[in-house]
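Heads up, the thing below is written out as structure tokens.
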Amino acid sequence: FVLPLTLILVTLSGLFPTETTSPTRWFTGETFWGAVHGSLLLLAAIGLCVACVASVMYLVQAQRLRSKAVFQEGLRLPSLERLMQMSRRAINIAFPLLTVGLLLGVILLAQRSEAVWTAPKVFSTFGLWAAFAVILYLRYSAAVSNRRLAVLTIAAFGLLLVALLSAHPIAGGGGW
């Protein structure tokens, strides 16, 4: 379940290589906070990847249980409760990281004189945050089935991929 996700992310990073213009010292001024911003967003992305894998495993296990194919040969998966617990914990950890990373990015962007608030990476990151907020709301406040939450988590992962691609210089989003 993790291998396809890893292959997709590695392939995307190979298709869109970045160019380094000059070596910088990242412990000075804006570069340090940019590294903190990027690290927080990276950790949030890892959390969403874990939630996505757990959600895919949940959907597969639910289908196997529905068709009574659990005892046949194949991959042993954790229980549905354990898989939803993994997904819930990953999102509960990733949402605050994304929120702080997003706020730090807004502060860094506001300090720039040539700030572009309409860039695709800004919109996609706010959209990703909104998707996280909706998933958390549905999980804790509304009576939504675990299957639907799993599908929404996978859709949020797709939005993460859009956000990552829109932040790339080839997509016109590079340079913060």
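The values are calculated or read from the model by the stated rules, or taken from the named source; none is laboratory data. All values derive from a computational prediction rather than experimental measurement. Methodologically, a virtual Cβ is constructed for each residue, glycine included, from the backbone with ideal geometry; neighbour enumeration extends over all protein chains shown. Quick note on the areas: whole protein, heavy atoms, side chains included, nothing else; ligands and nucleic acids left out. Shrake-Rupley method; radii C 1.70, N 1.55, O 1.52, S 1.80 Å.
Results, tabulated for the structure shown:
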quantity	calculated
So A94, is it open to solvent by less than 40 Å² (accessible area, probe 1.4 Å), among the aliphatic types (A, V, I, L, M), under 21 Å from T31 (Cβ atoms) and at pLDDT 90 or above	no
Answer from A131, A150, A142 - the residue that is in a loop (DSSP other than H, G, I, E, B) and within 24 Å of A62 (Cα to Cα)	A142
Members of region 158-169 that are part of a loop (DSSP other than H, G, I, E, B) and either open to solvent by 30 Å² or more (accessible area, probe 1.4 Å) or touching a Cys at 6+ places or on another chain (Cβ under 8 Å) (or both)	A167
Flag for T118 being among the hydroxyl-bearing types (S, T, Y) and open to solvent by 40 Å² or more (accessible area, probe 1.4 Å)	yes
Filtered residue count, region 128-157, keeping only those that are open to solvent by 30 Å² or more (accessible area, probe 1.4 Å) and under 26 Å from L12 (Cα atoms)	6
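Quick grid of which residues meet (1) touching a helix residue (DSSP H, G or I) at 6+ places or on another chain (Cβ under 7 Å); (2) among the small types (G, A, S); (3) open to solvent by 30 Å² or more (accessible area, probe 1.4 Å); (4) without any contact (Cβ under 8 Å) to a residue 24 or more places away in the chain:
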residue	(1), (2), (3), (4)
T31	no, no, yes, yes
V36	yes, no, yes, no
L41	yes, no, yes, no
I46	no, no, yes, no
C49	yes, no, no, no
A54	yes, yes, no, no
Q63	no, no, yes, yes
R66	no, no, yes, yes
